[in-house]
Every structure is written in C-alpha cells, then in structure tokens.
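Structure record follows, encoded as structure tokens.
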Amino acid sequence: MPATTIQPKNHLLYIDSIRALAALYVVMHHAVLQFYDTTMGPYKDITDYHLSTVQKLIVAIFYHGHYSVDLFIVVSGFSLMLSVTKNGNLKGGILLFLKRRVIRILPPYYFAMLLSAILIWLLVGTKTQTIWDLSVPIDLRDILTHVFVVHDFFSSNYYKINYPFWSIAVEFRIYLFFPFLIWVWKKWGLVPVVYTATIISIVGSLILLWLKQSHPNLSTDTVGVSPYIILFTFGMLAADLSLSKSAIADKIKKSYQATSPIVTIIILGVFFAGCAVVRHYLKSDNVYFRQLGIPDKIFDILLGAFFGFVLFVCSIPSKNGGIFWLTKILSWRPLVLIGTFSYSLYLIHAPLLALLYQYVIISLNLGRFTACMVLLTGGTMAVTVVAYFFFYLFERPFLTMGKKTDVAKAAVIEPAP
C-alpha cells in the first residue's frame, strides 16, 4: 500500500510520541541541572561533585537537553510540510497560515509567561545557585522583549523569565520564513530549499557577528534562525519524501520494507555515532568560530539530518501494507497523550521544577544525588500532571478554536515548538 493511502489517524501517532519523548527528556535534563549545572554555582566541572562512575553516567545521560530542541524543530518542519505536500500549497494562503501560527503559538506562551512572572514575584524570585538563576530577576525590558518574541537577540534577556523560552522565539521566527521556503519548493524543488535555508543561516550569522562589534549585548549563540532553519528544512524534506511517488523515494521505501529491524537499528546507530564522532573532532581556536559556535551548530545540523532520517523511516509502511515496526513502537498511547500537550509541558516545566526544588526537595534534607533523582522522577511526573491542566485551560482552546476536531490529530496538523 502506498504511503499516501495510510490514514493520518493511525499513521501520525508516532509524531506526538516523539514530541513527548523530547519534552520529557528536556524536563529531566533541567531537573538534573538544578543540581549539576557546571555553569552556575561554585562547581565548574562535573568532577567537582565527587560522583561515583555510575552516578556520573546517570547524570551524563541527561546532560544534552539542547538536542531535544533540534528534534522539536525537525518535527515541526515535518508536520507542517505533510499538509503542504498533500495539498500542493499552503492551505488557505500565506495570511491564514501566519494567523494560525500566531493563534497556535502565542496565547499559551503568554499565559506561561504570566505564570512564570507570578511565581517569580511570589515564590521563586531569589537566586539559588541553580540553573533557575538564569531566569531571575526580571525587569520591564525582559517582559517587553519576550512579549514581542525578540528576547533571543539579547544576551541579557534571552534566558530571563523562563529560560527555555529562547527556543520559542527561534522557532516562531522560522515560521515567518516557511511561506518563502514553500515558494522555493514549488519553483525549484526541496533540495534547493535546504540550500536556501543554509544561505539564510550563514548570512544571518554574519550580520549578527558584524552588529555585535558595536552592540556587545547582541547574542550570536542562541539567536535568530541559525542553524535551526536548516534543521526545519530537513523535516520538510523527510515529509516530502514520505509522501513522494518518485522513483528514488519508492526505491528507498522498498529497501526498508525488505530490511529487518536489527539492520535498521544498526544503520540508525552508525549514523548517530558518526554524528557524535564528528562533534568530538569539531574544534577550532578561531575566535569567530567560537563566537558563532560553529562546531556546535555543525553538530546540530548533522543531528537534524539524523532526526529527519528517523521521521522518514517511521513514515514507511511495512511490506504487507501495515504500519512499520518502528512506527508501532512510537505509537504507544500514553506517549501519544503526553505528546498532545508537550508544548505546555515545555512552556511551564522550568518554574515548576524551581518551585519543587526550593519548597519540597530542599526540605527533605537528602544527599545531592538522591535529591536529584527524586526531582528527576517524582518532579517530572508532577510537572507533567500540572502541564496537562495547563494545556486543557490555556492551549487546547486555541488548538481547536471551537471546531469539532480530534485534539491528537489537531496537534499533528498544527504543531507547536
């Protein structure tokens, strides 16, 4: 059965599961950083904490939450491109697309900002030598830059109020480029879209580097669209290939239909390991390379290609016309449920973790590692429950906008960061 005949209700559940895994990992990553953040407090290296080998390994597993943002952005490109590929264009036109993006992203973001500000004002506004210190204190400039979603441009603002918010600004800005990328896709194809995104990323980075010479507060690290717009186009490419009937796409799909699960796992593992090896050797003493974070951005791009490849593999039907084995695993209903409110989970988890840390975990008088594990497990579960209620009150109404639409399906069609 061709990929285009698979019903979205069954075929796209894995997208929400992937979002759920990414969001949960981010929560656990930040739970660990409440105790083992080497950029805050007196400890500058993980060895300063005197952990055992097993403890270091456990901490290290949750040290890479940044890469979940890479995954979110690839998934967003994939989800949005699915509809465009099926319809041949942006359904309803550019203005309707931008309106839907604004309604989908900004209201929950503003409510989460308000919640964060209230918690800072009442309960978690003091510094504790943890990662939450990045978000406090706040002033009018912090509020205004966040309201207008430009906080990621300024080093003094992009982590304030709620430190994960930097990625909301980045992804929201990428959506502004999406209609232009679709125009390029229709005129020249999807590979030139990747080239176009690369040019936008490079030019944007160089402009920021030039401006930073006279405006030191400008950020060249977590800012703008670089390199995330490239990752976004990898998701677009994966979606287009998954629905394409071209000879190349069909050949790739048939080869995977004939491949055993073990072989697929090995291919994915080698791909990922190759990305890690490249990251290890991407070092440079060049000051501009360091300022622009070139090694990290190259690794982000490689990892984005890996995530796009995984999404494409998940879209391939099995040989007998059913759901591919990896897609079945990633269609586990509890994960799908969490995936529907993963945006809310991402938006509010940081101040809630700070709240739990300051008013629950510290009072237990546990050892640092034990306390970390309690926040990692129990804290993640508590935050997830609260995030569901936040979703129901402040995200779900804007997701469906009064329409009789299945929430899980709507979450896939109208993805959030």
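So what are the ³J(HN,Hα) numbers for region 204-215, from phi and the Karplus equation (6.51, -1.76, 1.60; θ = phi - 60°), rounded to whole Hz, Gly and Pro as x?
Here the 3J(HN,Hα) series is x, 5, 5, 4, 5, 4, 5, 5, 5, 4, 9, 10 Hz.
Looking at this model, which pairs from Lys91/Lys254; Lys56/Lys328; Lys56/Lys127; Lys253/Lys328; Lys245/Lys297; Lys86/Lys187 are more than 23 angstrom apart at the alpha-carbon?
Beyond 23 Å between Cα atoms: Lys91/Lys254; Lys56/Lys328; Lys56/Lys127; Lys245/Lys297.
Taking θ as phi - 60°, what are the ³J(HN,Hα) couplings along region 135-141 by the Karplus curve (6.51, -1.76, 1.60), each to the nearest whole Hz, with x for Gly and Pro?
8, 10, x, 10, 9, 4, 4
So how do 81-91, 373-383, 297-307, 137-147 stack up, highest first, on mean other-Cβ count within 10 Å?
Order by mean packing, descending: 297-307, 373-383, 81-91, 137-147.
Given 0.36 nm per residue, what is the gain on full extension from Ile202 to Leu140 after removing their alpha carbon distance, in nm?
19.1 nm
Just to verify a number: FRET efficiency for Thr53 and Val191, C-beta to C-beta distance, R0 = 41 Å, to 0.05?
With R0 = 41 Å, the Cβ-Cβ based efficiency is 0.35.
Subtract the Cα-Cα distance of Ile298 and Val147 from 0.36 nm times their separation in residues, and report this length gain in nm to one decimal.
Between Ile298 and Val147, full extension yields an extra 51.3 nm.
Expressed as a whole percentage, what fraction of the accessible surface of region 119-196 belongs to carbon and sulfur atoms when a 1.4 Å probe is rolled over the protein heavy atoms?
Here it works out to 71 percent.
Starting with the highest mean, order 247-254, 118-125 by the number of other Cβ atoms within 10 Å, averaged over the residues of each peptide.
118-125, 247-254
How are the C-alpha pair distances of region 56-155 spread across 5 Å bins, as whole percents from the shortest bin up?
Histogram of Cα-Cα distances, whole percents per bin: 2, 9, 12, 16, 18, 15, 12, 8, 5, 3, 0.
What's the local net charge at Tyr388, with K and R +1, D and E -1, over the other residues with C-beta under 12 Å away?
So the environment of Tyr388 carries a net charge of 0.
Tell me the label-point distance for the pair Ile329, Tyr392, using the 7 Å Cα-to-Cβ offset, in nm and rounded to one decimal.
Rounded to a tenth, the inter-label distance reads 3.3 nm.
Which of rounded, prolate or oblate describes region 139-204 when judged by the alpha-carbon gyration tensor and an a/c cut-off of 1.5?
Prolate is the answer for region 139-204, as a/c is 1.5 or above and a/b outweighs b/c.
Over region 338-404, what is the mean sequence separation of C-alpha contacts under 8 Å (at least six apart), divided by residue count, expressed as relative contact order in percent?
50
How high is the relative contact order of region 142-207, given as a whole-number percent (alpha carbon pairs under 8 Å, six or more residues apart)?
The normalised contact order for region 142-207 reaches 18 percent.
Long-range amide H contacts for Phe154: which residues qualify at under 5 Å (H placed 1.01 Å from N, peptide plane, sequence gap of 5 or more or a different chain)?
Ser219
From the phi angles alone, apply the Karplus equation (6.51, -1.76, 1.60; θ = phi - 60°) to region 295-312 and give each ³J(HN,Hα) in whole Hz, x where the residue is Gly or Pro.
With the stated coefficients, region 295-312 comes to x, 5, 5, 4, 5, 4, 5, 4, 5, x, 4, 5, 5, x, 4, 4, 4, 5 Hz.
The values are calculated or read from the model by the stated rules, or taken from the named source; none is laboratory data. Treat the numbers as computed from the prediction; the structure is a model and nothing was measured. No Cβ is skipped: glycine too gets one built from the backbone with ideal geometry, and neighbour counts run over all protein chains shown. Just so you know, the surface numbers come from the protein's heavy atoms only, side chains and all, with ligands and any DNA or RNA stripped out. Shrake-Rupley method; radii C 1.70, N 1.55, O 1.52, S 1.80 Å.
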